[in-house]
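Structure, as structure tokens:
Bear in mind that the values in this text are calculations on the coordinates, not laboratory data. This is a predicted model, so every value here is computed, not measured. Every residue, glycine as well, gets a Cβ built from its backbone with ideal geometry; the counts of neighbours run over all protein chains shown.
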Amino acid sequence: MTDAHTAGPFVAAIDQGTTSSRCIVFDRDGRIVSVDQKEHEQIFPKPGWVEHNATEIWTNVEEVVAGAIAKAGITRDDIKAIGITNQRETTLLWDKNTGEPVHNAIVWQDTRTDALCKELGRNVGQDRFRRETGLPLASYFAGPKARWLLDNVEGLRERAEAGDILFGTMDSWVIWNLTGGVNGGRHVTDVTNASRTMLMNLHTMEWDERIAESIGVPMQILPEIRSSAEVYGEVTGGKLGDILGGIPVASALGDQQAALFGQTCFEEGEAKSTYGTGTFMLMNTGEKAINSYSGLLTTVGYQIGDKKPVYALEGSIAVTGSLVQWMRDQMGLINSAAEIETLASSVEDNGGAYFVPAFSGLFAPYWRSDARGVIAGLTRYVTKAHIARAVLEATAWQTREITDAMTKDSGVELAALKVDGGMTSNNLLMQTLSDFLDAPVVRPMVAETTCLGAAYAAGLAVGFWSSTDDLRANWRRAAEWTPRMDADTRAREYKNWLKAVERTMGWLEDES
Amino acid sequence: MARNIQSLERAAAMLRLLAGGERRLGLSDIASALGLAKGTAHGILRTLQQEGFVEQDAASGRYQLGAELLRLGNSYLDVHELRARALVWTDDLARSSGESVYLGVLHQQGVLIVHHVFRPDDSRQVLEVGAMQPLHSSALGKVLAAYDPVAHSEALECERESFTAHTVTAPEAFEEILDLTRARGYAADTEETWEGIASVAAPIHDRRRMPVGAVGITGAVERVCPSGEMRPELIAAVRDCARAVSRDLGASRF
């Protein structure tokens, strides 16, 4: 039966992620036909530094693409296009004549540019480039990472100015290699990835020369900015040229934007939240780039071909799934992540306890680096089951804070929240989320929304799907949770949560 | 005093190592962390793997703690662990069958629904996690009664209510259905619990071949059993799903 529903043709998507590279083949209904995956090494040269070997990553990408095609038992004639989604902001510089990276890629989590970002803020501070780029000066973003490489790899700046060096996030690296590498590979990036560099002007979708100069990145190393769904080139040469030569490379989207696309959040006000180690929530704000006054990021959601770009507001929560892991690994209160639900379900409520996991400060919408974690409201009555409940509630309340900020910035009320990621198997969490948001929470049938989004964009570019309406028709609801909490209880609990948040602030005294 | 057994000490050290912060480790990491030769470490890991205490990730070749440890710690499989492991497979079953999917475990005298995937059309549906189904008439219940001795005695002892004209209540006839279920590897319910509704279910086993739950699809009798016969491709899809979840729980291929 599975086979009867997965007749060709197909679209393949590459997900070049933080811990692994994957390739998934999808059929026209958006169902998974085959998957292949390979992890790569996480390199930690110093505390706070995280690097990847880009050559290893490219080799893995070649392997997983070949692997997924082989597992599906299909040939190049069955594949209409190949799309790419990637870990965002991870930065690479390579030599365009040899194809060799000049240094390991600097991963988004890497904090080596902290001091540089402070310095770049000059007398203005974090928000010096926010109006143009939608981003605060923070170590995540790619531009300052490129500057660090240019400053610290010997002779690199001269080579860059001589035109021998190419800059890219992982989408650019994969596309350049797929389309021929040193033999005419296309040096491009898409608007979503470019919007995470701090070098692109959100309103013109072009590199901002003034900002590039201020950050210290020469314009000639930057890739051409293209839409998220168009044919960038064809698979050419190398190991994949033999099996997939001529297949259009037709999409690129940062991973969170790809999930937004895979969840078919095509209307203004539609939002998705991905629950993993941390949580990333994006809301489609239509053709308007909305400045955030509530600590959210303004970013590009996607752009299909020559249509207008669609913007998004983004809020991230640093600690969600990792709090459950902490309960398992550091506290030993549970043996597996799934058991948090068992423990939490053994009591009716939180017993008065609130857990604010500000392990490395408070992120959106507060941005307080002087905050540290707190468990508030403890009495003799509280058991480990109440704490387990408080752990799940922490994820739900933090989501509520982000949605409140989004409503404030955009003026759009959240109609329903589409969720994905590993924590969506936690039924109690999903119900709690719906209760706290006072909105339906919906889980789609395909958990792999990130890869699906890249496949959708690539399929649209080559006419495999004709419109976003086609894609919506593929979307299937696997489960839906509706609010069951009365308004008074919700209001009282939220007030208590906010009091607990208040108590985390100012714990570190040497920071402001 | 008797001497301690060195290989057991080493095995215990490996389990502790794998239970630490870094959850997946390669053979050379494990060997060097414990100061063992690779061959020695590999022999112990292989034994732990056969016992289900350790699992090897097929893609990376790295080792992690196995599902068996959970059972030892709990003496039962956590239903939320079961749901987490079943999520991908049950989504795919709903997608391929076009019907809603239920995952159930024995609870008191009935089947507790621990996971529910909506039928993949755009109709309004309500999540039924936490609902109960009868042991003697539903497909999930019959599977549990056929494979789990505890469920079997519960089903025989409880009052077998007649929900429709098709419900089988007599003990001998019920036993025959269970025999048939065991012989075929799945159970069916054609309007025996609800008028107009048919379902088919298959057992989920852990690595000790213990039945830990049942998974099945439920839909309108006209779609699931056109012309009175359960569609064979639906049966195959349900059994494939049950096998896939079982494999994820550490059961060997069968």
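Can you tell me the FRET efficiency between residue A:415 and residue B:9 if r is taken as the Cβ-Cβ distance and R0 is 60 Å, rounded to the nearest 0.05? The value I calculate is 0.55.
Given B:219, B:156, B:167, which one lies farthest toward the positive end of the charge dipole of the range B:73-248, if we put +1 on the Cβ of every Lys and Arg and -1 on the Cβ of every Asp and Glu? Checked the options; the winner is B:219.
So if I place +1 on the C-beta of Lys and Arg and -1 on the C-beta of Asp and Glu, and nothing else carries charge, what would the dipole magnitude of the protein assembly as shown be about its Cα centre? I want it in debye, nearest 20. Dipole of the protein assembly as shown, to the nearest 20 debye: 1300 debye. If the viscosity is 1.567 mPa s and the temperature 4 °C, what Stokes-Einstein diffusion coefficient in µm²/s follows for chain B when Rh is the Kirkwood radius over Cα pairs? Diffusion coefficient, whole number: 65 µm²/s. Checking every one of the GluC sites (Glu not before Pro) in the range A:432-512 against DSSP loop status and a limit of 12 other Cβ atoms within 10 Å picks out A:509, A:511.
The GluC sites (Glu not before Pro) of the range A:16-79 meeting both criteria, a DSSP state outside H, G, I, E and B (loop) and at most 16 other C-beta atoms within 10 angstrom of the site's C-beta, are A:41. Modelled label positions at residue B:64 and residue B:227, each set 7 Å beyond Cα in the direction of Cβ, lie 4.7 nm from each other.
Which angle between 0 and 90 degrees, to the nearest 10, do you get for helix B:6-19 versus the longest principal axis of chain B when only C-alpha atoms count? Computed tilt is about 60 degrees.
Past 19 Å, Cα to Cα: identify those pairs from A:71/A:239; A:46/A:145; A:272/A:499; A:384/A:418; A:288/A:308; A:272/A:408, in the order given. Kindly include the intermediate steps, with their values, before the conclusion.
Working: A:71/A:239 17 Å; A:46/A:145 16 Å; A:272/A:499 27 Å; A:384/A:418 30 Å; A:288/A:308 10 Å; A:272/A:408 17 Å.
Where the Cα-Cα span goes over 19 Å, the pairs concerned are A:272/A:499; A:384/A:418.
For residue A:360 and residue B:182, a Förster radius of 51 Å and the Cβ-Cβ distance give a FRET efficiency of 0.40, rounded to the nearest 0.05. Full extension of the chain segment joining residue A:507 with residue A:46 gains 163.3 nm, where the gain is 0.36 nm per residue of separation less the Cα-Cα distance. FRET efficiency for the residue B:123 to residue A:467 pair, using the beta carbon distance and R₀ = 25 Å, is estimated at 0.60. Between residue B:236 and residue B:170, the contour length at 0.36 nm per residue exceeds the Cα-Cα span by 20.8 nm.
Model label points for residue A:204 and residue A:239, set 7 angstrom from Cα along the Cα-to-Cβ axis, are 4.2 nm apart. Against chain A, whose longest principal axis comes from its Cα atoms, helix A:384-410 is set at around 60 degrees. Local charge for residue A:245 was computed over the other residues whose Cβ lies under 10 Å away, with Lys and Arg +1 and Asp and Glu -1, and equals -1. For chain A, the longest principal axis of the Cα atoms and the long axis of helix A:427-437 meet at an angle of about 80 degrees. Ranking B:45, A:378, A:405 by how far each Cα lies toward the positive end of the dipole of the protein assembly as shown (charges on Cβ) leaves B:45 at the top. Annotation: aspartates and glutamates with alpha-carbon distance below 13 angstrom to residue B:142 (same-chain offsets under eight excluded): B:154, B:175, B:176, B:179, B:189, B:192. Enumerate by residue number the chymotrypsin sites (Phe, Trp or Tyr not before Pro) in the range B:121-221 meeting two conditions: DSSP loop (anything except H, G, I, E, B), and at most 16 other Cβ atoms within 10 Å of the site's Cβ. Passing both the DSSP loop test and the Cβ count: B:194. Cα centroids of the range B:174-249 and the range A:335-409: 40 Å apart.
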